[in-house]
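The values are calculated or read from the model by the stated rules, or taken from the named source; none is laboratory data. The structure presented is a predicted model; accordingly, all values stated were derived computationally and were not measured. Note: ideal-geometry Cβ built from the backbone for every residue, glycine included; neighbour counts use all protein chains shown.
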Amino acid sequence: MPANVIRRRRGLMLVLSSPSGAGKTTLTRLLTRDDADVELSVSWTTRPPRPGEIDGVHYVFVSKDAFRAHRAADGFLEWAEVHDNLYGSPREPILDALDKGRDVLFDIDWQGAQQLTNSAQADVVKVFILPPSMIELRRRLDERAADHRAVIKKRMSNAYSEISRWDGYDYVLVNDELDNCYGQLKSIVAAERLRRQRQPWLPNFVQRLLQEDT
């Protein structure tokens, strides 16, 4: 038999995108709860912490000068400016996690997904979550009872623009039934972990197999 080989895979960057109300946040919570090898990306931001937010857990809170200096040093895999605040995914800790065989989950929009693809295409797996209908999407937003009517109207308007980007993703799931959609998401993760390019131990293993006498 071939000598023992450490079969450590390379992690992946799992991007989940969807319009608000399609179930992305719930799927993210389930996956990070159930799968110990999946961790949520902790972004840098220049906005102040909200009540209950912990630095280094929910976000890394930094000044705009610190953020811009890190950006100038190519320290982010992707970044964006939202309502005068800067957000970015730090390159070094994410790539370190991938090297250790851990998967990093990103809850970002199509623009962030494209930036990640440009930065590290071989490591990125993009999944878009669709609602079963726009009527159902509106019902879910209404049921939240967390947003004013004007905010819901804006979210619905944004949803059409976001959904139009569906064909830029590797996988597209329709979240008409949560358990089924979650099962499909777990299947995607399991299959992507087995991709040949994420098994750096395989070349040496195969070479040893070919050198064996029978």
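The conditions are (1) over 24 Å from Q111 (Cα atoms); (2) touching a residue at least 12 places away in the same chain (Cβ under 8 Å); (3) part of a loop (DSSP other than H, G, I, E, B), and T214 fails exactly one of them. Which is it?
Exception for T214: condition (2).
What number of residues within the stretch 37-85 are assigned to a loop (DSSP other than H, G, I, E, B), acidic (D, E) and modelled with pLDDT under 95?
Number of matching residues: 2.
Give the stretch 38-58 a look and list any residue that's exposed (fewer than 14 other Cβ atoms within 10 Å of the Cβ) and either in contact with a His (Cβ under 8 Å, 6 or more places away or on another chain) or not aliphatic (A, V, I, L, M) (or both), or say none.
As a first pass, look at the stretch 38-58 and keep what is exposed (fewer than 14 other Cβ atoms within 10 Å of the Cβ): 48-57.
P48, P49, R50, P51, G52, E53, D55, G56, listed by residue number.
Being modelled with pLDDT under 95 and closer than 19 Å to S17 by Cα, is that true of even one residue in the stretch 188-197?
No, every residue in the stretch 188-197 fails to be modelled with pLDDT under 95 and closer than 19 Å to S17 by Cα.
Among the residues of the stretch 184-194, write down those that are surrounded by 12 or more Cβ atoms within 10 Å (Cβ to Cβ) and either aromatic (F, W, Y) or free of Cβ contacts under 8 Å to residues at least 40 places away in the same chain (or both).
The one that is surrounded by 12 or more Cβ atoms within 10 Å (Cβ to Cβ) and either aromatic (F, W, Y) or free of Cβ contacts under 8 Å to residues at least 40 places away in the same chain (or both): Q184.
Pairs only if they're at least six apart or on different chains, beta carbon under 8 angstrom, first in the stretch 18-36 and assigned to a loop (DSSP other than H, G, I, E, B), second surrounded by fewer than 14 Cβ atoms within 10 Å (Cβ to Cβ) and small (G, A, S); list them, first residue then second.
none
Could you list all residues from the stretch 156-196 that are polar (S, T, N, Q) and touching a helix residue (DSSP H, G or I) at 6+ places or on another chain (Cβ under 6 Å)? Walk me through it before giving the result.
Filtering the stretch 156-196 down to residues polar (S, T, N, Q) leaves 157-158, 161, 164, 175, 180, 184, 187.
Of everything in the stretch 156-196, just one residue is polar (S, T, N, Q) and touching a helix residue (DSSP H, G or I) at 6+ places or on another chain (Cβ under 6 Å), namely N175.
Look at the stretch 170-204 and say how many of its residues are out of contact with any Leu (no Cβ under 9 Å at 6 or more places or on another chain) and over 14 Å from T26 (Cβ atoms).
The total comes to 12.
Name the one entry in L116, L98, L105 that is within 22 Å of A159 (Cα to Cα) and part of a helix (DSSP H, G or I).
On the way: L98 fails: within 22 Å of A159 (Cα to Cα); L105 fails: part of a helix (DSSP H, G or I).
None of the others qualify; the one that does is L116.
Restricting the first residue to the stretch 154-169 and requiring it to be in a helix (DSSP H, G or I), which pairs with a second residue that is acidic (D, E) meet a Cβ separation below 8 Å and a spacing of at least six or different chains?
R155/D147; E162/D109
Quick check on S89: is it under 25 Å from N158 (Cβ atoms) and either in contact with a Pro (Cβ under 6 Å, 6 or more places away or on another chain) or free of Cβ contacts under 8 Å to residues at least 24 places away in the same chain (or both)? First the steps, then the outcome.
Numbers: under 25 Å from N158 (Cβ atoms): yes; either in contact with a Pro (Cβ under 6 Å, 6 or more places away or on another chain) or free of Cβ contacts under 8 Å to residues at least 24 places away in the same chain (or both): no.
It is false that S89 is under 25 Å from N158 (Cβ atoms) and either in contact with a Pro (Cβ under 6 Å, 6 or more places away or on another chain) or free of Cβ contacts under 8 Å to residues at least 24 places away in the same chain (or both).
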